[in-house]
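Comments concern the structure below.
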Amino acid sequence: MKVAIMQPYFFPYIGYFQLMHAVDTFVIFDDVQFIKKGWIHRNQIVMDGEPHPFTLSIQKMSQNKLICEHERALAEETVVRQIKQLHHAYQKAPYFNEAMPVLERALSNPERNVAIYLAQSLQEVAHYLQIDTSFLFTSDLKGNPALKGQERILDYCRQLDATHYINAINGRALYDEESFQKSGVALSFLQSDLPAYRQGTDTYLPYMSIIDCMMNCSAQHIHEMLHRYKLVANHQPT
């Protein structure tokens, strides 16, 4: 069984969904420390031809607490602001009418726990993109608090009977292929080969939120883009 383990992000870029699509089980890493400057509560959309922040309001945000210990703040007001932003940015986009109901449903979810809310928004998008992957939370597994980094990931792989662990390409320095081999788990890293798509901008802006992709490309087109990657070993150059 192929497994990936990732922190939940707020409408991440398409490469995140490629990783999700590449595995049988996608595990939401929700019982790790919240990173204020990470992508858990923020991303970027394209507004008036430029990158524009798209954020989630968090109550008492702290790097001393786990992701699953955080709650949303001003949920109702935030949703109204977010929907207005998307209308302003994308109401003339070619797939606005198809994508907007999915995004409104995800954004309007009343769930207050940040980890659950983000996981459910990821699942909404995954369903729209025809991604057939099982989801779990690390907080639901029997984690060993004494284990850190790679050893913690290997422990989760053992619990899930994983035969293949796939990680994003930028995590290559974190893992040792020999340790995975000794545990009977193949280790690969997903390297995207994503084509540019029409954004209605003078210059293509890569790594925008999946929202931008959904507004400008059909669900079928994005599903085809999900296959635009290769799996590389840790010893290979990028």
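The values are calculated or read from the model by the stated rules, or taken from the named source; none is laboratory data. Please read all numbers here as calculations on a predicted model, not as lab measurements. Because the Cβ atoms are built from the backbone with ideal geometry, glycine has one as well, and the counts that use them run over all protein chains shown. For the accessible areas, the whole protein counts, side chains as well, though only heavy atoms, and no ligand, DNA or RNA atoms are used. Shrake-Rupley method; radii C 1.70, N 1.55, O 1.52, S 1.80 Å.
Structure values in brief
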| quantity | calculated |
| --- | --- |
| Flag for residue 213 being open to solvent by less than 40 Å² (accessible area, probe 1.4 Å), hydrophobic (A, V, I, L, M, F, W, C) and more than 17 Å from the chain's Cα centre (by Cα) | no |
| Looking only at the range 216-228, and only at residues there that are of a type outside the set (D, E, K, R) and surrounded by fewer than 19 Cβ atoms within 10 Å (Cβ to Cβ), the one that is farthest from residue 82 (Cα to Cα) | 227 |
| Per-region count, the range 135-151, residues more than 18 Å from residue 1 (Cβ to Cβ) and either in contact with a strand residue (DSSP E or B) (Cβ under 6 Å, 6 or more places away or on another chain) or not polar (S, T, N, Q) (or both) | 7 |
| Which listed residue is surrounded by fewer than 17 Cβ atoms within 10 Å (Cβ to Cβ) and either modelled with pLDDT under 95 or aromatic (Phe, Trp, Tyr) (or both), from 97, 64 | 64 |
| Any hit, the range 119-141, residues being at pLDDT 95 or above, among the small types (Gly, Ala, Ser), open to solvent by 40 Å² or more (accessible area, probe 1.4 Å) and outside any helix (DSSP H, G or I) | yes |
| Some residue of the range 176-186 being under 29 Å from residue 117 (Cβ atoms) and crowded, with 17+ Cβ neighbours inside 10 Å | no |
| Residue among 184, 200 that alone is over 30 Å from residue 56 (Cα atoms) and assigned to a loop (DSSP other than H, G, I, E, B) | 184 |
| Residue check, residue 76 open to solvent by 10 Å² or more (accessible area, probe 1.4 Å), assigned to a helix (DSSP H, G or I) and either in contact (Cβ under 8 Å) with a residue 12 or more places away in the chain or polar (S, T, N, Q) (or both) | no |
| Listing of strands (runs of 3 or more DSSP E) fully contained in the range 1-52 that carry 1 or more residues being touching a residue at least 40 places away in the same chain (Cβ under 8 Å), surrounded by fewer than 19 Cβ atoms within 10 Å (Cβ to Cβ) and hydroxyl-bearing (Ser, Thr, Tyr) | 25-28 |
| Residues located in the range 79-91, provided they are without any contact (Cβ under 8 Å) to a residue 40 or more places away in the chain and either within 27 Å of residue 221 (Cβ to Cβ) or open to solvent by 50 Å² or more (accessible area, probe 1.4 Å) (or both) | 80, 81, 82, 83, 84, 87, 91 |
| Candidate set from the range 187-210 (those that are among the hydroxyl-bearing types (Ser, Thr, Tyr) and without any contact (Cβ under 8 Å) to a residue 60 or more places away in the chain); member that is surrounded by the most Cβ atoms within 10 Å (Cβ to Cβ) | 188 |
